[in-house]
Amino acid sequence: MSQKFDVVVIGAGPGGYVAAIKAAQLGLSTACIEKYTDKEGKLALGGTCLNVGCIPSKALLDSSWKYHEAKDAFAIHGISTGEVKMDVPAMVGRKANIVKGLTSGVATLFKANGVTSLQGHGKLLAGKKVELTKPDGSVEIIEAENVILASGSRPIDIPPAPVDNNVIVDSTGALEFQSVPKRLGVIGAGVIGLELGSVWSRLGAQVTVLEALDTFLMAADAAVSKEAYKTLTKQGLDIKLGARVTGSKVNGEEVVVTYTDANGEQTITFDKLIVAVGRRPVTTELLAADSGVTIDERGFVFVDDHCATSVPGVYAIGDVVRGMMLAHKASEEGIMVVERIKGHKTEMNYDLIPSVIYTHPEIAWVGKTEQALKAEGVEVNVGTFPFAASGRAMAANDTGGFVKVIADAKTDRVLGVHVIGPSAAELVQQGAIGMEFGTSAEDLGMMVFSHPTLSEALHEAALAVNGGAIHIANRKKR
Ligand code: FAD
Ligand code: AMP
């Protein structure tokens, strides 16, 4: 007799595992199918995020930043360290331990919540049946009242730079270097390219980022991307805009990359090359021909605003569907879907998904940019506060960047919060909470913020929207 569940989730990334836990919490019998195994061949839950994405990249970003501080920034505090050395295998090993702790934590959460964890490859058949191909090759058919497809994404490969997992790597390979490459190339100045480029640059690599577009960080507010370009370049990242990679040739342990820019064809040689040109949805062997689920023209599983596919009872969430490829977007979609399966009317606010780039300074935003609002014809008031004027930032010797709050000129409602600077991700989250409740800039300005905190920069930027900042000269007069 085949197993039958209220909910079967395919994929245990932050979309799938969160959906599975929530479903079990809501009293639904739930199974989650995952095929990914770690280097020891053991099932590893948590998807891209925990295994080769958010968490390992942040572990390396934190380690490399500490190295940089110990080497170059402690002296200003009066701390002398002697020679500072970096043990790269130890750093990478620490990252692996964090990953292990978190992925096994998901397995524990599955047990604690009563989620049935099934190892193998899941494929949706017609009639909400799921074919599970186990590691030993045996096949089981599982029946489900509801199926949630959460198969995630994988790195895009480009023909001019095929990944060989030695000299040319993708983001996963770039988390595993055992020594610091002398000359490191990165194709793509997106979030992943900038984060991984920063890691190895801080450790001493000479990093060149080749970006096909002429505009840097197009999705960010223009003031933020300008500041980011200036600061990252100053840190030593050579970011070449308008540089489209057209070919590469591996010669032993180096690679000669060809790219075109405004001056024609150029070549440059690297010891390692990271291809970070984006990610694409994983739908390989996910859907039987008669499953009824449709794929859109870009290869994503087609869903409506509530993540329902074209088949009743089948949903899809996270990187495999439209929208931003972010762990928190995947998780919230999982929760929305499961609550709707339970009959709740849960909605997700797609307008308030924060974006973060974990460079230093950190870059984060929520809501719309000033440029987008102006293009829509919305009149806005803008308040900006530089960290250079923050006592807390000065105490921490981390004064780069600013907070920018954008409010509707007619209603004062906050429409965007953009931060480049220390703890940008945390500050933007405060903006997001306010925006979810329809805060005005005046509301934020009237709140009491602890002193001295970096959060005061958000307070002051909100006050500056209406010309009321205390600790800087206001551009706008009351
Ligand atoms: P995934 O995490 O990709 O999980 C899908 C899972 O499904 C995988 O484990 C896969 O093995 C499994 N699977 C696929 N098909 C099948 C099948 N047929 N049967 C069984 N199992 C299957 N996002 C952030 O929000 N913040 C960050 O800081 C951040 N940093 C990142 C850094 C890097 C280097 C990378 C690569 C990504 C980063 N992301 C970040 C993006 C984030 O990892 C993804 O948005 C997120 O993991 C998507 O979650 P998901 O559940 O949709 O898919
Ligand atoms: P993201 O999608 O945010 O991860 O960013 C990937 C970046 O890679 C985008 O900004 C693309 O413009 C860039 N990109 C894609 N293909 C190439 C290429 N052949 N050469 C240089 N940059 C590229």
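When THR267 is tested against (1) within 16 Å of ligand 2 (Cβ to nearest atom); (2) closer than 30 Å to LEU125 by Cβ; (3) open to solvent by 20 Å² or more (accessible area, probe 1.4 Å), only condition (2) is not met. Residue check: GLU211 meets all listed conditions (1) touching a residue at least 60 places away in the same chain (Cβ under 8 Å); (2) open to solvent by 10 Å² or more (accessible area, probe 1.4 Å) but one, namely (1).
Kindly check whether there is at least one residue in region 112-129 that is away from ligand 1 (no atom under 12 Å from the Cβ) and in contact with a Cys (Cβ under 9 Å, 6 or more places away or on another chain). Yes, the conditions are met somewhere in region 112-129. When you scan region 240-248, do you find a residue that is more than 9 Å from ligand 2 (Cβ to nearest atom), crowded, with 24+ Cβ neighbours inside 10 Å and more than 27 Å from THR399 (Cβ to Cβ), even just one? Yes: one or more hits. When each of GLY78, GLY27, GLY16, GLY82 is tested for being open to solvent by less than 50 Å² (accessible area, probe 1.4 Å) and in the same structural domain as GLY318 (by the TED database), the lone residue that passes is GLY16.
Within region 174-188, is there a residue that is open to solvent by 30 Å² or more (accessible area, probe 1.4 Å), away from ligand 2 (no atom under 16 Å from the Cβ) and within 26 Å of SER153 (Cα to Cα)?
Checked region 174-188: at least one residue is open to solvent by 30 Å² or more (accessible area, probe 1.4 Å), away from ligand 2 (no atom under 16 Å from the Cβ) and within 26 Å of SER153 (Cα to Cα).
Of the strands (runs of 3 or more DSSP E) lying entirely inside region 263-330, those carrying at least 2 residues that are within 16 Å of ligand 1 (Cβ to nearest atom), at pLDDT 95 or above and farther than 22 Å from ALA19 by Cβ are 272-275. Across region 332-350, the qualifying residues are those that are part of a helix (DSSP H, G or I) and open to solvent by 20 Å² or more (accessible area, probe 1.4 Å), and the one among them that is farthest from TYR315 (Cα to Cα) is TYR350.
May I ask you to list the residues in region 190-217 that are out of contact with any Gly (no Cβ under 8 Å at 6 or more places or on another chain), of a type in the set (Gly, Ala, Ser) and within 16 Å of ligand 2 (Cβ to nearest atom)? GLY193, GLY197, SER198, listed by residue number.
If I go through region 441-478 residue by residue, how many of them are open to solvent by less than 30 Å² (accessible area, probe 1.4 Å) and under 16 Å from ALA424 (Cα atoms)? Counting residues in region 441-478 that are open to solvent by less than 30 Å² (accessible area, probe 1.4 Å) and under 16 Å from ALA424 (Cα atoms) gives 6. Does LYS39 fit the bill of being open to solvent by 50 Å² or more (accessible area, probe 1.4 Å), of a type outside the set (A, V, I, L, M) and more than 16 Å from ligand 1 (Cβ to nearest atom)? So LYS39 does not fit the description; no. The residues of region 270-305 that are of a type in the set (Ser, Thr, Tyr) and crowded, with 18+ Cβ neighbours inside 10 Å amount to a single one, SER291.
Going by what's in this entry, would LYS100 be described as basic (Lys, Arg), touching a residue at least 12 places away in the same chain (Cβ under 8 Å) and in a strand (DSSP E or B)? No. Close contacts from region 134-152, counting a first residue that is open to solvent by 50 Å² or more (accessible area, probe 1.4 Å) and a second that is small (Gly, Ala, Ser), with Cβ to Cβ under 8 Å and a gap of 6+ residues or different chains, come to LYS134/GLY120; PRO135/GLY120; ILE141/SER2; GLU143/SER2; GLU145/GLY313. Could you please let me know if GLU376 is surrounded by 24 or more Cβ atoms within 10 Å (Cβ to Cβ) and not small (Gly, Ala, Ser)? No; evaluated as a whole, the condition is false for this residue.
Considered as a group, the residues in region 218-239 that are assigned to a loop (DSSP other than H, G, I, E, B) and more than 19 Å from ALA424 (Cα to Cα) include one that is nearest to ligand 2 (Cβ to nearest atom), and that residue is LEU237. Within region 227-246, identify whether any single residue is modelled with pLDDT of 95 or more, over 30 Å from VAL419 (Cβ atoms) and among the hydrophobic types (A, V, I, L, M, F, W, C), and answer yes or no. Checking region 227-246: at least one residue is modelled with pLDDT of 95 or more, over 30 Å from VAL419 (Cβ atoms) and among the hydrophobic types (A, V, I, L, M, F, W, C).
State whether the residues of region 409-425 include one that is in contact with a Pro (Cβ under 6 Å, 6 or more places away or on another chain) and crowded, with 16+ Cβ neighbours inside 10 Å. Yes, region 409-425 has at least one match.
The values are calculated or read from the model by the stated rules, or taken from the named source; none is laboratory data. Everything numeric here is computed off the predicted structure, so don't read it as measured data. Every residue, glycine as well, gets a Cβ built from its backbone with ideal geometry; the counts of neighbours run over all protein chains shown. To get the accessible areas, we keep the full protein, side chains included, count just its heavy atoms, and leave off ligands, DNA and RNA. Shrake-Rupley method; radii C 1.70, N 1.55, O 1.52, S 1.80 Å.
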